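Please read the structure below before turning to the comments.
The values are calculated or read from the model by the stated rules, or taken from the named source; none is laboratory data. For clarity, every value in this text was computed on a predicted model and none was experimentally measured. Virtual Cβ from ideal backbone geometry, glycine too; neighbours counted across all protein chains shown. The area values use the complete protein model at the heavy-atom level, side chains included, leaving out ligands, DNA and RNA. Shrake-Rupley method; radii C 1.70, N 1.55, O 1.52, S 1.80 Å.
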Amino acid sequence: MILHLAYRPPLHWESMLESLSARCTAGVEQVEAGAYRRTVRLGRRRGWVSVTDEPPRSALRVEVSASLAAGRRPLAVRLRALFDLDVDPAAVASALRRDPLLAPSVRRSPGLRVNGAFDAFETAVRVVVGQQVSVRAATTVAGRIATALGEPVETPFPGLDRLPPTAEAVAAAGEDRIARIGMPGARARTLLALAAVLRSGELRLERGADPDAVRDRMLALPGVGPWTASIVAMRALGAADAFPAGDLGVLRALGVKSVREAEARAEAWRPWRAYAAMHLWNLPR
């Protein structure tokens, strides 16, 4: 089955793929020859998708396994969230190109989007795993977690053979097993706490949810600080104004040393601070 997901151009597909490629969870995701592929769980359905860009028709072309044909509507919703297809890039550019610091990136990368979340728990786990480590190290650990706790699935793509672990699977694994995968004990406890509040419904990571309420609930979890809560809000909630002021890359790009200075500088970018962060990360180092 083929789906076409329309978007308002421009879409900077190359930067989206580059970011996804650097963070692909082994077994769950792949980027190859201009395509993003991943395994999919939709309720009891299992399958895969392969996504490419079709600029002439301003749409993403999605090849979908036959096993997911009955779930095309929720699948489309998830993919639109992952690739941030519902934003108006002209509105973002109009606001951010006024800033001399961001203007070169806005010109160089028109249609730069915020990488969203196909699955909120999967994304939140990845953010927690990425606390205070490099992207490469976080990607390695995420792959180990998927191998240990994810469900096997068949696809026609070599190496794409694992579903991301569910909150139930993480909760059942327990602290010792998660720690043996390569997580410090404190971070393992954070994952377990996150799985628990999502399973209970105390925390709902959904597009359009109140970012402030989600942030407050996340900050109450052990091992979750403002950086983690902000990145989850950007990606899982699609919060356009979320801003990771304490991110090292953001501080360096701004040339400041404190979170307070970064937050003050970012006031001018409301309500698009998440997109400003993307452009800050996109600046030459």
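One table, with the values for the structure above:
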quantity: Residues that are open to solvent by 20 Å² or more (accessible area, probe 1.4 Å) and within 9 Å of the chain's Cα centre (by Cα), drawn from region 112-139; calculated: 119, 120, 122, 126
quantity: Selection within region 175-190 - among the small types (Gly, Ala, Ser) and either surrounded by 21 or more Cβ atoms within 10 Å (Cβ to Cβ) or at negative phi (or both); calculated: 179, 185, 186, 188
quantity: Search result, residues across region 160-190 that are assigned to a loop (DSSP other than H, G, I, E, B) and touching a residue at least 40 places away in the same chain (Cβ under 8 Å); calculated: 160, 161, 163, 164, 165, 166, 183
quantity: Residue identified as surrounded by fewer than 21 Cβ atoms within 10 Å (Cβ to Cβ), modelled with pLDDT under 95 and assigned to a helix (DSSP H, G or I) among 70, 90; calculated: 70
quantity: Filtered residues of region 270-284 (kept if touching a residue at least 24 places away in the same chain (Cβ under 8 Å) and not small (Gly, Ala, Ser)); calculated: 270, 271, 272, 273, 275, 278, 279, 280, 281, 282, 283
quantity: Residues satisfying the stated conditions in region 100-111, i.e. open to solvent by less than 20 Å² (accessible area, probe 1.4 Å) and part of a loop (DSSP other than H, G, I, E, B); calculated: 102, 109, 111
quantity: Near pairs, Cβ below 8 angstrom, 6+ apart or cross-chain, from region 138-155 (farther than 18 Å from residue 121 by Cβ) to any residue that is in a strand (DSSP E or B) and modelled with pLDDT of 95 or more; calculated: 152/162; 155/37; 155/39; 155/47; 155/48
quantity: Set 162, 126: member being at pLDDT 95 or above, closer than 23 Å to residue 244 by Cα and basic (Lys, Arg); calculated: 126
quantity: Matching residues in region 9-23 - criterion: being open to solvent by 50 Å² or more (accessible area, probe 1.4 Å), more than 18 Å from residue 127 (Cβ to Cβ) and in contact (Cβ under 8 Å) with a residue 12 or more places away in the chain; calculated: 9, 10
quantity: Meets criteria (in a strand (DSSP E or B), open to solvent by 70 Å² or more (accessible area, probe 1.4 Å) and of a type outside the set (Phe, Trp, Tyr)) for residue 61; calculated: yes
quantity: Region 155-174, residues that are of a type in the set (A, V, I, L, M) and either open to solvent by less than 60 Å² (accessible area, probe 1.4 Å) or in contact with a Cys (Cβ under 7 Å, 6 or more places away or on another chain) (or both); calculated: 160, 163, 167, 169, 170, 171, 173
quantity: Helices (runs of 4 or more DSSP H) wholly inside region 191-259 that include at least 1 residues being buried (at least 21 other Cβ atoms within 10 Å of the Cβ) and in contact (Cβ under 8 Å) with a residue 60 or more places away in the chain; calculated: 226-232, 248-254
quantity: Residues that are of a type in the set (A, V, I, L, M), assigned to a strand (DSSP E or B) and open to solvent by 30 Å² or more (accessible area, probe 1.4 Å), drawn from region 24-41; calculated: 31
